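**Student:** First the structure, then my questions, so here it is.
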Amino acid sequence: MRIFVCIKEVPDTTDVKIDSETGTLIRAGVPSILNPFDMSALEEALQLKDKNPSVKVTVICMGPPQTEKNLRETIAMGADDVYLLTDREFAGADTWATSYTISTAIKYLGGADIIFAGKQAIDGDTAQTGPGLAEWLDIPQITFVRKVCEVKDGKIVAERSRDFGYDLVEAELPALVTIIKGEKA
């Protein structure tokens with residue numbers, strides 16, 4: 001089974017400044033971290049790998065070259081491969097362009113049985129990239145997942161968080177799942 005985990009590097013601050021000419025984040029002098037929601041998605045993928053050694057976890061990220069330093073952490077945690085999609089043309093990409101680029105890379109790399117992503121990035125809060133990926137790849141999606149219950153017989157079963165409780169949701173594989181940070185059953 002092949003699992004992709006989408007990771008984004010984000011500024012480690014709430015004081016974000018935008019370049020008025022380019023419309024992109026000014027990253028100079030601002031420390032960066034891997035998006036906490038995405039790290040929860042990686043943890044969920046690695047738990048599946050712990051249960052089944054045939055699972056291969058691949059991290060994919062679209063970001064600037066310096067993201068490589070933070071992505072090394074994902075290998076240390078147990079990811080098998082990491083791909084960094086980087087080009088100055090990607091600077092300032094919106095969720096539509098980001099989801100298209102990452103979906104194209106996943107197709108090029110042979111596809112996935114499951115794609116995990118954090119529910120959103122802390123520097124944007126749109127929660128659109130994961131669902132956009134599912135649309136580009138024409139696969140089912142389960143959003144706002146607090147726990148993956150089972151992956152078996154070509155299906156994934158997960159607990160989808162609601163305002164009061166959760167729904168038990170099943171989807172055929174391949175599927176995309178967005179994970180909620182820190183909420184466990």
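The values are calculated or read from the model by the stated rules, or taken from the named source; none is laboratory data. Treat the numbers as computed from the prediction; the structure is a model and nothing was measured. Every residue, glycine among them, receives a Cβ derived from its backbone with ideal geometry; neighbour counts consider all protein chains shown. All accessible areas refer to the heavy atoms of the entire protein, side chains included, with ligands and DNA or RNA removed. Shrake-Rupley method; radii C 1.70, N 1.55, O 1.52, S 1.80 Å.
**Student:** Output the residues belonging to region 126-153 that are farther than 18 Å from CYS61 by Cβ, open to solvent by 50 Å² or more (accessible area, probe 1.4 Å) and outside any helix (DSSP H, G or I).
**Tutor:** Those that are farther than 18 Å from CYS61 by Cβ, open to solvent by 50 Å² or more (accessible area, probe 1.4 Å) and outside any helix (DSSP H, G or I): ASP138, PRO140, GLN141, PHE144, LYS147, CYS149, GLU150, LYS152, ASP153.
**Student:** Do any helices (runs of 4 or more DSSP H) lying entirely in region 34-121 carry at least 1 residues that are within 13 Å of LEU133 (Cβ to Cβ) and among the aliphatic types (A, V, I, L, M), and which ones are they? Steps first, please.
**Tutor:** Details: elements: 36-51, 67-77, 95-108.
Result: 36-51, 95-108.
**Student:** Is it fair to say SER161 is open to solvent by less than 70 Å² (accessible area, probe 1.4 Å), among the hydroxyl-bearing types (Ser, Thr, Tyr) and farther than 21 Å from ARG2 by Cα? Talk me through it step by step, then tell me what you get.
**Tutor:** Working: open to solvent by less than 70 Å² (accessible area, probe 1.4 Å): yes; among the hydroxyl-bearing types (Ser, Thr, Tyr): yes; farther than 21 Å from ARG2 by Cα: yes.
Considered against the rule, which asks whether it is open to solvent by less than 70 Å² (accessible area, probe 1.4 Å), among the hydroxyl-bearing types (Ser, Thr, Tyr) and farther than 21 Å from ARG2 by Cα, SER161 comes out as yes.
**Student:** Let me ask something additional. Could you please find all residues in region 86-100 being surrounded by 17 or more Cβ atoms within 10 Å (Cβ to Cβ) and either touching an Asp or Glu at 6+ places or on another chain (Cβ under 9 Å) or over 21 Å from PHE37 (Cβ atoms) (or both)?
**Tutor:** SER99, the sole residue that qualifies.
**Student:** Condition check: small (Gly, Ala, Ser), open to solvent by less than 40 Å² (accessible area, probe 1.4 Å) and out of contact with any helix residue (DSSP H, G or I) (no Cβ under 8 Å at 6 or more places or on another chain). Does ALA105 satisfy that?
**Tutor:** It is true that ALA105 is small (Gly, Ala, Ser), open to solvent by less than 40 Å² (accessible area, probe 1.4 Å) and out of contact with any helix residue (DSSP H, G or I) (no Cβ under 8 Å at 6 or more places or on another chain).
**Student:** Report, by residue number, each residue of region 71-81 that is buried (at least 19 other Cβ atoms within 10 Å of the Cβ) and under 17 Å from VAL10 (Cα atoms). Walk me through it before giving the result.
**Tutor:** Initial filter on region 71-81 (buried (at least 19 other Cβ atoms within 10 Å of the Cβ)): 71, 74, 79.
LEU71, THR74, listed by residue number.
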